[in-house]
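Written below as structure tokens is the structure these notes are about.
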Amino acid sequence: MSKTHEFRFFRLVARNLAHRPYRNIATVFIIAIIAGTLFASQYLMSGAEQSLDAGISRMGADILVVPERYAAAGQSVILTGTPTSFFFEDSVFEKVTRVQGVAKASPQIYIATLFASCCAAPVQMIAIDPESDFTISAWLKRNPGVVPGVDDIIIGNSVIQNVGRDLIFYGHTFHVVGILEKTGMGVDNAVFTRFEDASVMANESGTKAVRKVTIPEGMISAVLVKVLPGASPAEVALEIQRQVPGTKTILPDGLLNAVSGQLSAVTRLLSGSTIAVTVVSIPLLGIISAMVADERRREVSLLRALGATRLFVVRLILAESFSLAIIGSFIGIGTAAAILVAFQDYIAYTLKIPFILPSPLALLAAGGGALLLSIGIVGLSSLYPVVLITSSEPYMALRGGEL
Amino acid sequence: MIEGIGVTKVFRHGRSDVVAVDDVHLNVIPGEFVLIYGRSGSGKSTLLGMLGGLINPTSGVIRVNGLDIGNLSDAMISEVRAKEIGFVFQFSGHIPTVTVLENVMLPMLFYRDGPGSLSRAVELIRRVGLSDRADAYPCTLSSGEMKRVAIARALINSPPILIADEPTGDLDIDTEYEIMQLFQQLNSEGMTFVMVTHNLDLVPFGTRTYRMDRGKMMEIPRPLPGVTMTKEPNTHLDHDAGTAMNEL
């Protein structure tokens, strides 16, 4: 004799689900695709936005001033770390500091490097002025507070080297004194050194490196600006552009728009896939549910004859459908998450977007959204079967229409 | 206990109406074993469905323990079915996904405060002789075993009324006899029975017998001459009795 203690509603649900494995597996598969696609879309958007937020907040600057013709290249340096070099006269720095609303300003020089032993791809070297810099020290993950000295270098999180070890660029040996926090943005692939050391490296490169690098005298690449408390970065940026001809200002909002633009094609593809899968799956799931419902008319009528209310039957059908939705969603979300986490660097690189692992809250929101949508779709596709089953007279269904 | 007044059921069949049950009057009192005899299609199962609140009559009134079940909400009529009436169907009405024991316990899901319990389910399964099949699934049972499960299930909530629709229709004579013996025993313990059959051999089990023909129902006076029920095949119905029934 069985040792079963109780026979409850959810045991009936579980038994009914286990009884139709192939059809239920098909349903779970469809739901997994919907949930996975939706989750992936939200995950990428969220990861990119958070990366941007993190990168900008850690950068500590409200405005990036670059040569007028190099706004796009400047954005690429910040967003994806695409190595580039561009210059304008260093007098720009002085002019920018005098603009009303500017609290702090710090110049930078961007030097595109060749392949180095540290990295799979060329990295962006950024020369900074440690005296005026207000950004790098705040990002330091290892060796916080260190101020780079002669031939010292601070490296981005994706540059593979440890503090205390050396890195060689253009034949010049640098000593790693700090590693930055991961931002998911371009700085992860950048290395930071002093103006003086960059200059020495450039001068030596003619004899020590396979390719000479040139840093024009009296030139800089960009100026990072922190505005006064209460001042509007947008207004200060406009003022800089007005007062310092030949410059272009980049604001965090502009970076966000640039990322959104890059992401929009991807999100369109993902959203389109989600909509297509949803549109196809609702009638498909509806047909599967209707087939099951038709098969189960007699079974449901039996339950009604034994005292089940219509509400009980509706609960039973929906509980079964929602169980499949939840199982399918978890499988879909889990699989999508595993793929995205495993290949996130490759995906970000391919899509040319900044990316870090979204926060647990954002992950929860993305997963919850995908789960709710899947449940909604399944609920919608269960409507017809529910109406079909509950509207028939139990005894006639039991007897197959025989009088 | 169960009262039917002018009960009529008309089904729409294409463009024509089919009168399945035509102005039936019936009063079943507690402890009775009412047997409704009739050929296939005579309307007896439809009548039974209406008496059990499973089919809505086109007209007429049906009362179960004084409650007009035609005017009850879905929740209330479901409660009446769960508490007051046990059903045994002609076909093997089981949930295929759950075991014999769980099938017997099914009505407990709908009448949580009822007398149904695991121990009662086990006892009922033992009583119908299926103790060794409690963990089996319905698809592995014989017709007779399925019928016994249905009986045990009908009894789990200790309903005062048992409605049986051709409960022995597809059974061999020995099993039929055993099940009718069980019904008789339950009836002697006070349970009220309303049963339909097309088998004249079962007529002796009823304390009151009706015959249905084309939706009309008439009472057969008792005792019928020479009607007896034995386990011996082909000897359980007196020829004269059969003739007498058919003449009614």
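The values are calculated or read from the model by the stated rules, or taken from the named source; none is laboratory data. As the structure is a prediction and not an experimental result, all values here were calculated from the model. Glycine gets a Cβ as well: all are built from the backbone with ideal geometry, and neighbour counts include every protein chain shown.
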- Message: Residue pairs, Cβ under 8 Å, 6 or more apart or interchain, first in segment A:224-242 and in the same structural domain as A:Asp133 (by TED's automatic domain parsing) and outside any helix (DSSP H, G or I), second charged (D, E, K, R) and surrounded by fewer than 18 Cβ atoms within 10 Å (Cβ to Cβ). List them.
- Response: A:Val225/A:Lys104; A:Lys226/A:Lys104
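I need the full set of residues from segment A:12-32 which are hydroxyl-bearing (Ser, Thr, Tyr) and either surrounded by 22 or more Cβ atoms within 10 Å (Cβ to Cβ) or closer than 14 Å to A:Ser281 by Cα (or both), in order please. It would help to see each step written out before you state the result.
Pass one, segment A:12-32, residues hydroxyl-bearing (Ser, Thr, Tyr): A:22, A:27.
The one that is hydroxyl-bearing (Ser, Thr, Tyr) and either surrounded by 22 or more Cβ atoms within 10 Å (Cβ to Cβ) or closer than 14 Å to A:Ser281 by Cα (or both): A:Thr27.
So that you can scan it fast, the table gives a plain yes or no per residue for (1) closer than 30 Å to B:Thr46 by Cα; (2) more than 14 Å from every other protein chain (Cβ to nearest Cβ); (3) small (Gly, Ala, Ser); (4) in contact with a strand residue (DSSP E or B) (Cβ under 6 Å, 6 or more places away or on another chain):
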position: A:Glu320; (1), (2), (3), (4): no, no, no, no
position: A:Ile353; (1), (2), (3), (4): no, yes, no, no
position: A:Tyr384; (1), (2), (3), (4): yes, yes, no, no
position: A:Val387; (1), (2), (3), (4): yes, yes, no, no
- The lone condition B:Pro57 fails out of (1) closer than 23 Å to B:Glu166 by Cα; (2) more than 9 Å from chain A (Cβ to nearest Cβ); (3) not in a loop (DSSP other than H, G, I, E, B) is (3)
- Could you please find all residues in segment B:28-47 being at the interface with another protein chain (Cβ under 8 Å from one of its Cβ atoms) and buried (at least 19 other Cβ atoms within 10 Å of the Cβ)? B:Gly43, B:Ser45, B:Thr46
- What residue, of A:Ile179, A:Ile215, A:Ile240, is out of contact with any Phe, Trp or Tyr (no Cβ under 7 Å at 6 or more places or on another chain), of a type in the set (A, V, I, L, M) and within 17 Å of A:Lys104 (Cβ to Cβ)? A:Ile240
- Task: Among the candidates A:Glu299, A:Glu320, single out the residue that is of a type in the set (Asp, Glu), at pLDDT 85 or above and part of a helix (DSSP H, G or I).
- Result: A:Glu320
- Is it the case that some residue within segment B:168-180 is of a type outside the set (Phe, Trp, Tyr), touching a strand residue (DSSP E or B) at 6+ places or on another chain (Cβ under 8 Å), part of a loop (DSSP other than H, G, I, E, B) and in contact (Cβ under 8 Å) with a residue 40 or more places away in the chain? yes
- Task: Check off (1) buried (at least 19 other Cβ atoms within 10 Å of the Cβ); (2) at pLDDT below 85; (3) within 11 Å of another protein chain (Cβ to nearest Cβ) for A:Ser2 and give me the number that stays unchecked.
- Result: (1)
- Which residue out of A:Gly254, A:Gly206, A:Gly246 is within 28 Å of the chain's Cα centre (by Cα) and either among the small types (Gly, Ala, Ser) or at positive phi (or both)? A:Gly254
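Would you mind finding the one in B:Gly70, B:Gly93, B:Gly60 that is surrounded by 22 or more Cβ atoms within 10 Å (Cβ to Cβ) and either farther than 24 Å from B:Gly190 by Cβ or among the charged types (D, E, K, R) (or both)? Steps first, please.
Numbers: B:Gly70 fails: surrounded by 22 or more Cβ atoms within 10 Å (Cβ to Cβ); B:Gly60 fails: surrounded by 22 or more Cβ atoms within 10 Å (Cβ to Cβ).
Just one listed residue meets the conditions, B:Gly93.
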- How about segment A:236-266: which of its residues are at pLDDT 90 or above and acidic (Asp, Glu)? A:Glu239
- Task: Please list, ordered by first then second residue, the pairs with beta carbon atoms under 9 Å, 6 or more apart or interchain, first in segment A:291-308 and within 26 Å of A:Thr27 (Cα to Cα) and facing chain B (nearest Cβ under 7 Å), second polar (S, T, N, Q) and surrounded by fewer than 23 Cβ atoms within 10 Å (Cβ to Cβ).
- Result: A:Glu299/A:Asn16; A:Glu299/B:Thr97
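Considering segment B:103-136 alone, what residues qualify as being in a loop (DSSP other than H, G, I, E, B) and facing chain A (nearest Cβ under 7 Å)? Even if it seems obvious, please write down each step before you answer.
Looking only at segment B:103-136, we keep the residues that are in a loop (DSSP other than H, G, I, E, B), and these are B:110-117, B:128-130, B:134-136.
Hits for segment B:103-136 are B:Phe110, B:Tyr111, B:Ala134, B:Asp135.
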- Task: Scan segment B:68-102 for residues that are at the interface with chain A (Cβ under 7 Å from one of its Cβ atoms), not hydroxyl-bearing (Ser, Thr, Tyr) and not in a helix (DSSP H, G or I) and report the count.
- Result: 6
- Task: Just need a number here: residues in segment A:33-62 that are crowded, with 22+ Cβ neighbours inside 10 Å and either modelled with pLDDT of 90 or more or small (Gly, Ala, Ser) (or both).
- Result: 9
- Query: Could you say which residue among A:Leu306, A:Leu285, A:Leu324 is aliphatic (A, V, I, L, M) and in contact with a Phe, Trp or Tyr (Cβ under 7 Å, 6 or more places away or on another chain)?
  - Reply: A:Leu306
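I'd like the full set of residues that are loosely packed, with under 13 Cβ neighbours inside 10 Å and under 20 Å from B:Glu84 (Cα atoms), limited to segment B:116-129.
First, pick out the residues of segment B:116-129 that are loosely packed, with under 13 Cβ neighbours inside 10 Å: B:119.
Hits for segment B:116-129: nothing passes.
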